[in-house]
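Undergrad: Pasting in a structure now, in C-alpha cells, and then I'll have a few things to ask.
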Ligand code: SAH
Ligand code: SF4
Ligand code: F3S
C-alpha cells in the first residue's frame, strides 16, 4: 500500500507525465477491445457542489482519453468512481450505503475497479473506516491530486493492492487536463480553489485547503477556448469569488477579472458563485452593473439572520451590514434576483435568533434558497459548541422556514408573468420531449414548448404562468 503523503511540489511536466500514463492505459484498453470486441465502461458519480461536478468533468475527460466509455448504468461498469462530498453527514452516509452495495456487485464482477476521491477522502477517520471495513475499494485519492488518476490506476494494476494517495495541502495548480463538458453550450470554470474563511460549522477549508487563485491569463485562455468551442455561458467557480486574486503575485480583483471576461467574443453570459457577503465590494457591484454579459443574479448566502449566530458562525458580517449590502445591490440593479443558503439549528440558535432569519428572508425576498439542517462536522469549532439544538426543534423550524420562504418565491416569480425574457435552452424536460427547459438571465427556471434544435440557443419567450419553482413560457 502506498501511503498518505504531505505536500509535494509539482512542476509543469506533471501534465506530460500523466498524459504518458493515460497513453499506456489507452493501449491496454485498445488491446482489450481488439480481443473482446467490447470497450471498458466507467460510471462516474459527483456528489456535493458544482466544484465537485466540475472536477468530475476532468476525471471523465481523463477516463475518456484512456479509452473508457461512459455509462449511466452502474451495473454495466468496469470502473466506478465516486467523487465524494462531506459538507453534511447525509452526504457521507450515502457513500457508505453505495459502498455496501458495491461489495455485493464486486462479488459477481471481481474485476470491477472502484475508485473514491473528493472531499470526504481528506478525513483521517474516513480513511480508517475504509481500511477496516471497505477493503473492496481499489483506489482512494483526495482533492489535491485529482490529476493523478491515470498514475494511480497504473499503480493499482501493477501492485494489485489498494492504492491510497491523500495529500494534506498543495500549492500548485495543474492546468490543461483533458476534460469533458456535460453541456456543449455552457461550462464551469474554476477561478480559485480552497477557502480561508473557516466558518465555524464548515468542513470545506479542512478538505479543500487554503485559497489559491488561478492567474487571469490562464482563466482568459480557457474561456477563449471554450468560446471558440461554442460555449455561450460560463459559470465561474470559487468558494469565495470575492476574494479572487488577492494572493496572486500580481493581485487582480474579481471585478477586474469579470470586466476582462466580459470582452470575450462568443461568450454571452457570465455567472459566478459563491460570493461571501463580507467581501462584496462596490467595485464588484459597479462591474456587474456595467457589464451586460454578467447575469443579474447574485447568490449571496446569508446562513442565518441573527447577528449573534453570525458572529459564532465566524461569518464576519451582521444582519444589518448584510441587509445594507443587499440594498446597495438592488439600488444599482433593480432587476436583480438574489438567492441564498440558510442553515437551521446552528448550536445555540434560539427562537428569537430563528425569527431574525425569517425577517431577513422577508426583507430580501429571495428568488431561491438552499436550506440546510445544521449537521455536526467533527473537527470544526461548532461541533463542540454547547447547546446543540434538538432534532425536533430543528425540524419544526425548518418546516416553518419553508412556509415563509415559498410564498415569497411565488410572489417574486409572479412579477415575471407577462414579461419577455431571453432563455438559454438547456435540455428537454424530463417528462415531456416537446418541452425545453432553461434559465433566464436572472436565473429563473423556465419551461417552454420548443424543438430540440433550439438547445444551446438564447430564445426569446413570454412568461405565461408561475409555478412557484419554475415558470411556464411561450415563444414569441
Ligand atoms: N463557500 C460557499 C458554500 C460552501 S458549502 C459559501 O460560503 O457560501 C454550501 C453550503 O452548505 C453553505 O453555504 C452552508 O449553507 C451549507 N453548509 C456548510 N456546512 C454545513 C453544515 N455543517 N451543516 C449544514 N449546512 C452546511
Ligand atoms: Fe465553508 Fe465558509 Fe468557506 Fe463557504 S466561506 S466554504 S461556508 S468556510
Ligand atoms: Fe463541495 Fe461538498 Fe466538497 S459541498 S467543496 S463537495 S465538501
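Undergrad: Cα centroid distance between segment 48-88 and segment 105-142, in Å?
TA: About 14 Å separates the Cα centre of segment 48-88 from the one of segment 105-142.
Undergrad: Order these by the 10 Å Cβ neighbour count, fewest first: 202, 291.
TA: Ordered by Cβ neighbours within 10 Å, fewest first: 291, 202.
Undergrad: Follow-up question, since we're still on this one. What does segment 3-165 give for Rg and for Dmax, in Å, if only its C-alpha atoms count?
TA: Rg, Dmax (Cα atoms, Å): 15.2, 45.
Undergrad: Moving to a separate point now. Find the relative contact order for segment 268-401 and round it to a whole percent, using C-alpha pairs within less than 8 Å whose residues are 6+ positions apart.
TA: Relative contact order comes out at 24 percent.
Undergrad: Roughly how far apart, in whole Å, are the Cα centres of segment 169-211 and segment 392-444?
TA: Result: 27 Å between the Cα centres.
Undergrad: Per residue, how big is the convex hull of segment 299-414 when only Cα atoms are used? Give it in Å³.
TA: Hull volume over Cα atoms, normalised by residue count, gives 92 Å³.
Undergrad: At 222 nm, what helix-only mean residue ellipticity would the chain give, in deg cm²/dmol to the nearest 500, using -39500 (n - 2.57) for each DSSP H run of four or more?
TA: Result for the chain: -11500 deg cm²/dmol, rounded to the nearest 500.
Undergrad: Hey, another quick one. Return a whole-number percent for the relative contact order of segment 420-475, with Cα pairs under 8 Å and 6 or more residues apart as the contact set.
TA: RCO, segment 420-475: 35 percent.
Undergrad: Can you sort 417, 126 so the residue with the fewest Cβ neighbours within 10 Å comes first?
TA: 417, 126
Undergrad: Here's another thing I want to ask about it. In which sequence would 84, 318 go, from the one with the fewest C-beta neighbours within 10 Å to the one with the most?
TA: Arranged by neighbour count, lowest to highest, 84, 318 become 318, 84.
Undergrad: On to the next question. Out of the DSSP beta bridges found with both residues in the chain, what percent are antiparallel (nearest 5)?
TA: Within the chain, antiparallel bridges account for around 35 percent of the total.
Undergrad: If I take every Cα pair under 8 Å that is 6 or more residues apart in the chain, average their sequence separation and divide by the length, what percent do I get for the relative contact order?
TA: In percent, rounded to a whole number, it is 10.
Undergrad: How would segment 184-295 be classified by its alpha-carbon gyration tensor: rounded, prolate or oblate, with rounded meaning a/c under 1.5 and the a/b versus b/c comparison settling the rest?
TA: prolate
Undergrad: OK, next. Inverting the mean 1/r over all pairs of different Cα atoms, compute the Kirkwood radius of segment 420-475 and quote it in Å.
TA: Taking every pair of different Cα atoms in segment 420-475, averaging 1/r and inverting gives 10.7 Å.
Undergrad: Now for a different question. How are the alpha carbon pair distances in the chain distributed across 10 Å bins from zero to the largest one, expressed in percent?
TA: 4, 18, 27, 28, 18, 5, 0
Undergrad: How many angstrom lie between the Cα centre of segment 217-257 and the Cα centre of segment 282-318?
TA: Distance between centres, Cα-based: 19 Å.
Undergrad: Let me ask something additional. For segment 33-88, build the convex hull from the C-alpha positions and give me its volume per residue in Å³.
TA: Hull volume over Cα atoms, normalised by residue count, gives 72 Å³.
Undergrad: Based on DSSP, what percent of beta bridges with both residues in segment 3-165 are antiparallel, to the nearest 5?
TA: 0 percent
Undergrad: Quick check: from the Cα gyration tensor, does segment 37-133 come out rounded (a/c under 1.5), prolate or oblate?
TA: Oblate, because a/c is 1.5 or more while a/b does not exceed b/c.
Just so you know, all these numbers are worked out from the coordinates, no wet-lab data involved. This is a predicted model, so every value here is computed, not measured. Neighbour counts are summed over all protein chains in view; Cβ atoms, including those assigned to glycine, are modelled from backbone coordinates with ideal geometry.
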